[in-house]
Amino acid sequence: MEALRAALTADQLEAYALEGVVRLPGAVPAADVEAMLATLWKRLESWHGHWRDKPATWTKPHPAQLAARNNDFAAMGSTCVRAIADQLLGAGQWKDPERWGLPMVTLPGHYDRWDVPCKWHLDIAATPEPPRMVRLFLILAPLEPGGGGTGYIAGSHRVIRQLARREGAPLNTGMVRKLLVAREPWYAALESRRKDEDRVTRFMSDDGRLDGVPVRVCEMTGEPGDMFLMDPLMMHATTPNAGASPRMMLMDGIYAA
Ligand SMILES: O=C(O)CCC(=O)C(=O)O
């Protein structure tokens, strides 16, 4: 099935341009996903003592340092992913990451409830023409709402581009946040730590606006093998895992050569 998929459809390209994130169901074959999940659990077990079949051992909410000096997660660069990189960056004009797949794990049992995060960031400086790259997030285990999937502000990549164009200089995360808090009430409220507000209703509904652009907070959810493509100028955040299962994802970026 996966090998038959060419690349992004016209609808997916439009969603990527407007929303800045698009989900690609089944972008990596199931057998490869299962093998990568088993490898990641081996690292959690031997490096952190978090055993797959013993939730009582899941004592750290965010086990870190799960990367290794090998290419165990090379299958993240599936046929589908390669076709998409060819489409967005040009065939023969990008190179494989040195090592595929940075693990992102959030273990359950540490948060009573899920809420919209207050602190958001960019991974690169905002410029009107950001680097030509494809940013990828792969789901390795079923990921339900509230289960710790990466949070993002759909539409924010367009806001950030506008901002960088207007300011005429590269803007790091701190500068972007400061400008948005000063100028945009929706964003100022998003970053505020007020306790008396239903943040899910306010920030995950369709009526948010930043600099004239419709925006809303979303979280990545889906099935093993689903891949999210995310614009490099997307504001994003870690979210709590208030579900019952570990959040198991891999993340990577492919750059134009
Ligand atoms: O999902 C997460 O934990 C956040 C990921 C993130 O912040 C990043 O990729 O820079």
Under a 10 Å cutoff between Cα atoms, tell me which one of Tyr187, Tyr111, Tyr16 has the largest fluctuation in the Gaussian network model of the chain.
Tyr111
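Using only alpha carbon pairs under 8 Å that are at least six residues apart, calculate the relative contact order of segment 2-255 and give it in whole percent.
On the way: 502 pairs, mean separation 87.1, N = 254.
It comes to 34 percent, rounded to a whole number.
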Label-point gap, in nm, between Ala91 and Arg113 - each point 7 angstrom along Cα→Cβ
5.4 nm
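Sequence gap of 8 or more, or different chains, plus Cα separation below 25 Å: how many lysine pairs satisfy both in the chain?
Details: Lys42/Lys54; Lys42/Lys60; Lys60/Lys119; Lys119/Lys178; Lys119/Lys195; Lys178/Lys195.
For the chain, the number of qualifying lysine pairs is 6.
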Build a GNM of the chain with springs between Cα atoms under 10 Å: which of Thr238, Thr57, Thr221 gets the top mean-square fluctuation?
Thr57
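At 222 nm, what value in deg cm²/dmol follows for the chain if DSSP H runs of at least 4 each add -39500 (n - 2.57) and the sum is divided by all its residues, to the nearest 500? Provide the component values of the computation, followed by the final result.
Numbers: 7 runs with 71 residues, N = 257.
Helix contribution divided over all residues of the chain: -8000 deg cm²/dmol.
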Could you give the nm distance between label points at Ala74 and Arg99, where each point is 7 Å from its Cα heading toward the beta carbon?
1.4 nm
Short version: ³J(HN,Hα) in whole Hz for each residue of segment 247-253, in order, from phi by Karplus 6.51 cos²θ - 1.76 cosθ + 1.60 (θ = phi - 60°), x for Gly and Pro, what are they?
8, 10, 9, 10, 10, 6, x
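Just rank His157, His48, fewest to most, by other beta-carbon atoms within 10 angstrom. If you can, show how the numbers build up before the last one.
Numbers: His157 27, His48 18.
Going from least to most buried by this count: His48, His157.
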Which part of segment 205-242 falls in the paramagnetic zone of Asp196, meaning amide N under 15 Å from the point 7 Å along Cα-to-beta-carbon?
none
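Given N residues in the chain, what is Rg(Cα) / (2.2 N^0.38 Å)? Please report the intermediate quantities before stating the final value.
Values: Rg = 18.4 Å, N = 257, 2.2 N^0.38 = 18.1 Å.
Compactness ratio reported: 1.01.
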Once segment 73-202 is represented by equal point scatterers at the alpha-carbon sites, with solvent omitted, what log10 I(q)/I(0) does the Debye formula produce at q = 0.15, 0.18, 0.21 Å⁻¹?
-0.99, -1.21, -1.29
Using the Karplus curve 6.51 cos²θ - 1.76 cosθ + 1.60 with θ = phi - 60°, work out ³J(HN,Hα) for each residue of segment 95-109 in order, rounded to whole Hz, and write x for Gly and Pro.
10, 4, x, 4, 9, 6, x, 8, x, 10, 10, 10, 8, x, x
Which FRET efficiency value, to the nearest 0.05, is calculated for Trp47 and Tyr255 with the Förster distance at 22 angstrom and r the Cβ-Cβ distance?
0.15
Cα Rg over Rh - segment 78-139, Kirkwood:
1.07
Give me the tail of P(r) for segment 154-257 as a percent: Cα-Cα pairs with distance above 24 Å.
34 percent
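None of the figures in this text is laboratory data; all of them are computed from the coordinates on show. All values reported here derive from a predicted model rather than from experimental measurement. Note that each Cβ is placed from the backbone with ideal geometry, even for glycine, and that neighbours are counted across all protein chains shown.
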